[in-house]
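The values are calculated or read from the model by the stated rules, or taken from the named source; none is laboratory data. It should be emphasised that the depicted structure is a prediction, and the values quoted were computed from it without experimental measurement. Heads up, the Cβs are rebuilt from the backbone with ideal geometry, glycines too, and the neighbour counts pull from every protein chain shown. Protein only, heavy atoms only, side chains kept; ligands, DNA and RNA dropped before computing areas. Shrake-Rupley method; radii C 1.70, N 1.55, O 1.52, S 1.80 Å.
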Amino acid sequence: VDGAGPEVITLNTPEDVTYTVGVHYWNDNGYGPAYATVRVYLYSQLVFEVTDVELVDSDMWEVCHIEWPSGVVQAVTDTAGQHKITPDYQNPFFFQD
């Protein structure tokens, strides 16, 4: 979504898998850095939140894993314990002219 969002993803019937939640700032359209917030709700209850993570053009932030059906949410970090952000990420499934 261009602008402040929010973007909402709802899974009404999740499969028995581990989901990865990520944020891809694929084009800043000249606006510069964005500050992302991710909230995970299970059964309408907030179970995980990370706020104001700075992303620049083409960053990919791997936020967390959600195990289903247990509902365990695990933050993803790099080897230094910081947010796992891949700069200049190019999604192989997304084509842009």
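Computed from backbone phi, the HN-Hα couplings of region 62-70 come to 8, 8, 7, 10, 10, 7, 10, x, 5 Hz, rounded to whole numbers (Karplus: 6.51 cos²θ - 1.76 cosθ + 1.60, θ = phi - 60°; Gly and Pro given as x). Estimated at the nearest 10 Å², the accessible area of T10 is 90 Å² with a 1.4 Å probe. Once neighbouring chains are kept in place and the probe is 1.4 Å, which whole percent of the accessible area of the chain is contributed by carbon and sulfur? That fraction is 50 percent. With each label modelled as a point 7 angstrom along the Cα→C-beta vector, the N27-R39 pair spans 2.9 nm. For region 28-97, chymotrypsin sites (Phe, Trp or Tyr not before Pro) meeting the loop criterion (DSSP other than H, G, I, E, B) and having at most 13 other Cβ atoms within 10 Å: Y31, Y43, F93, F94, F95. Charges were assigned to the Cβ only: +1 to each Lys and Arg, -1 to each Asp and Glu. The resulting dipole of the chain about its Cα centre is roughly 280 debye.
For the chain, with a Gaussian network of springs between Cα atoms less than 10 Å apart, report the residue from V56, V47, V73 with the top mean-square fluctuation. Comparing V56, V47, V73 in a Gaussian network model of the chain, the most mobile one is V47. Spin-label pair E49-Y89: with each label point 7 Å from Cα along the Cα-Cβ axis, the two points sit 2.3 nm from one another. Residues whose amide H falls under 5 Å from that of F48, counting only those 5 or more places apart or on a different chain, are V40, with hydrogens built in the peptide plane. I'd like the GluC sites (Glu not before Pro) in the chain restricted to DSSP loop residues with at most 11 other Cβ atoms within 10 Å, sorted by number. Passing sites in the chain are E7, E15.
Length available on full extension from L11 to A75: 0.36 nm per residue minus the Cα-Cα distance, which gives 21.1 nm.
With the convex hull drawn around the C-alpha atoms of the chain, the volume per residue stands at 130 Å³.
Exposure check, 1.4 Å probe, all protein chains in place: L42 carries approximately 30 Å² of accessible surface.
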